[in-house]
């Protein structure tokens, strides 16, 4: 079984490029160019150098001693939270801004939910001196004020998405509409492993530095490249895609994806796409999608703004369907407790997204000799208000 | 012969009107279609509302959202249209995004269209290559024409490919934009219209996007067989309700 994208842009039945003709020239140009560009020596050199000197890679693979003792297994944390801008998102935006430059694009657009991808995009645009427009749902703008301020300080224009539910899904629609209106000079930096082919594969490849590093870091620490399990949270699925990538075809490595169950899978306030989704089309790709029986896309919910997306990347839909990955759904409450536990045991305040991945330690019993690598995708600074409110700190 | 092809053989410029089914009121659909035909419209595009219409500007997004709030569904639309051919004879096209059709079942959707007397479909987010490979046989089986879009950025080579798999007409998007976002045509559009006319395609072209009055209708149809009005008609419905359709159509030609 192959878990990578095939030459037509599909992962099993999922993926493809279901786009209006207006987007065809741009998406087709990208499809024809992205692998060539990524293979060019000067591209690789600049990408690697920026990841090292600007992002601060490699990110540490940290043996979490007290957490391991509590759960009686060997837990390593992949510290994406220590990257510049505070999350894994920057790995992808560095890669895509270099692709955009190679394609001669002058103007960058992006969508953002909580603002992490928006900040990471605004950052690389400042770095490269390119115009940056970030679409963000009106509701998210109101509840993520610090990230809006960050983007503005970095020189980006933040445009509110006023349509639909005025959150991430609608910000993505607005970014796509902008691209339709500006087909020549603009590159759209999608932040997750979603969208029309080649986006899911391109984003996955840029994020795959996470699992590439895990391999040699684990070799140094444990004498073997492959852990028994890799664990990551999933909204659209970019940190998960990067964490899983180099282990997809290593059958001895268990792959665990953790979705947001919100207030409970069947509460009507959830983002557990693998449980609630059906095959459908969102933002240019065929994937598992939360929708009404009539095919209208429904609004997901999670306490974590980075996980409340109604779809999931097509690679992950394929991993779920084939059973290659085990999917867990973690509620708001369990995630918040897991986040607080990491603070107390390891002195690390995680992003609420990453807290979902940590919460799986309560749901799955690992063996004492198991090596479990959990991707700590981001830090919790941006979530401080949520933590304060939730725990009445 | 399909009603679309028949209509396009007439020696006249085609006026096509788009509206969102279920807007302004859930049960306005049939009345709007009948009034449009009565006032001389040649072809109607019935919009199947979708929650995330990513090729549409604010006007159609709003009418689509309102129609969904009014309770419109695929099944309700089919129920509303079940007797439409008793009163309406001009070609009818359903225009909608692919996901609702996928959930209804593409074959079941096509069968229902054929049963009602729908002549064609426009599905902006179903790419031509996927259509040709996976769905064309089904559309053909039910005698449905699938209409494809071209834009100013579409290469001549791709336009010829789209022409080769098309029947009925080609939907020529006037400029790089979502629906409803432009007023008036300049040199850029004129050059594009001429370029396409000079390709001598086998299918006639009907221009859409940015047509909102007699002037833009005349400009567009100087080089093309017809033109489509969507957002401007929906604005009219929003402002005047569904009772003054005659005024709108008469102002166009």
statement: Dividing the helical contributions, -39500 (n - 2.57) per DSSP H run of n ≥ 4, by the residues of the protein assembly as shown yields a 222 nm value, nearest 500 deg cm²/dmol, of -12500 deg cm²/dmol
message: Can you tell me the convex hull volume per residue for region B:162-253, based on C-alpha atoms, in Å³ to the nearest whole number?
response: 104
Per-q log10 I(q)/I(0), region A:170-259, q = 0.20 Å⁻¹ (Debye; single scatterer per alpha-carbon; no solvent): -0.91
query: Relative contact order (percent) for chain B, with alpha-carbon contacts under 8 angstrom and 6 or more residues of separation?
result: 23
- line: Heads up, chain A by the C-alpha gyration tensor (a ≥ b ≥ c square roots of eigenvalues; a/c under 1.5 rounded, else a/b over b/c prolate, else oblate) looks rounded
query: For region A:279-387, rounded, prolate or oblate, judged on the Cα gyration tensor with a ≥ b ≥ c (square roots of eigenvalues), a/c < 1.5 rounded, else prolate if a/b > b/c?
result: oblate
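Taking every DSSP beta bridge with both residues inside the protein assembly as shown, roughly what % is antiparallel (nearest 5)?
Around 20 percent of the beta bridges assigned by DSSP in the protein assembly as shown are antiparallel ones.
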- line: Between the modelled labels at residue B:198 and residue A:127 (7 Å from Cα along Cα→Cβ) the distance in nm is 4.5
query: What is chain A's relative contact order, in percent, from Cα pairs under 8 angstrom and six or more apart in sequence?
result: 20
- prompt: Efficiency by 1/(1 + (r/R0)^6): what FRET value for residue B:11 and residue B:240, r their Cβ-Cβ distance, R0 = 30 Å, to the nearest 0.05?
  reply: 0.40
FRET efficiency, residue A:66 to residue A:266 (Cβ-Cβ, R0 22 Å, nearest 0.05): 0.05
task: Under 13 Å from a label point 7 Å along Cα→Cβ of residue A:364: give me every residue in region A:300-344 with its amide N that close.
output: A:320, A:323-330
task: For region A:70-187, state the semi-axes of the equivalent ellipsoid (square roots of 5 times the eigenvalues of the alpha-carbon gyration tensor), sorted largest first and rounded to whole angstrom.
output: 26, 19, 13
query: Along the Cα-to-C-beta direction of residue A:220, a point sits 7 Å from the Cα; which residues of region A:358-377 have their amide N less than 20 Å from that point?
result: A:371-377
- line: Distance in nm between residue A:389 and residue A:345 label points, each 7 Å along Cα→Cβ, equals 2.7
Span per principal axis, largest first, for the Cα atoms of region B:99-253 (Å): 41, 40, 22
- request: Relative to the longest principal axis of the C-alpha atoms of chain A, give the angle of the C-alpha long axis of helix A:168-181, reported between 0 and 90° and rounded to the nearest 10°.
  value: 30
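We did not get these values from a lab; they are worked out from the coordinates using the rules stated. Quick caveat, the model's predicted, so the values are computed rather than measured. All Cβ positions, glycine included, derive from the backbone under ideal geometry; neighbour counts span all protein chains shown.
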